[in-house]
Amino acid sequence: QCQLNGLWRNDQDSLMEISALRDNGDFQGQYLTRVTLSGGCAHISPLRGAQQQLGEEGWPTFAFTVRWDKFSNATTAFVGQCFVDAGGKEMLSTMWLLREAVGSLEEDWKATR
């Protein structure tokens with residue numbers, strides 16, 4: 001069984017810590033990104049999310065958002081699933097969508113990555 005709580009590192013060397021996983025599947029934590037839109041230093045940002053509750057077996061799906069409010073006017077939504085590989089290592093497979101604020105409706109086309 002895969003457990004979301006704990007410390008995770010991604011391919012870009014960013015860190016995510018899920019510190020509180022509630023019985024209803026809600027969780028919170030923090031994200032330390034090494035990749036920024038401005039090219040600046042790493043920053044810690046809050047995250048909140050929810051895990052699909054499963055029985056004793058299965059690989060839970062989850063979603064969470066990160067608010068990059070300390071260094072960027074953007075928010076990212078992540079969705080994914082937790083797996084355990086053949087060696088017993090837990091792994092998160094995710095996709096993300098980032099929305100950056102723009103100054104006008106005409107600039108909307110460039111706001112989502």
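What follows draws every value from the coordinates through simple rules; no lab data is involved. Everything numeric here is computed off the predicted structure, so don't read it as measured data. Positions of Cβ are backbone-derived with ideal geometry, glycine not excepted, and every protein chain shown enters the neighbour counts.
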Starting from the 7 Å offset along Cα-to-Cβ, what nm value, one decimal, do you get for the label separation of residue 94 and residue 19? 1.7 nm
Tell me, what is the percent relative contact order of region 6-110, built from C-alpha pairs under 8 Å that lie six or more residues apart? 15 percent
Exposed-site-free run, longest, the chain (rule: GluC sites (Glu not before Pro); DSSP loop; at most 10 other C-beta within 10 Å): 58-113
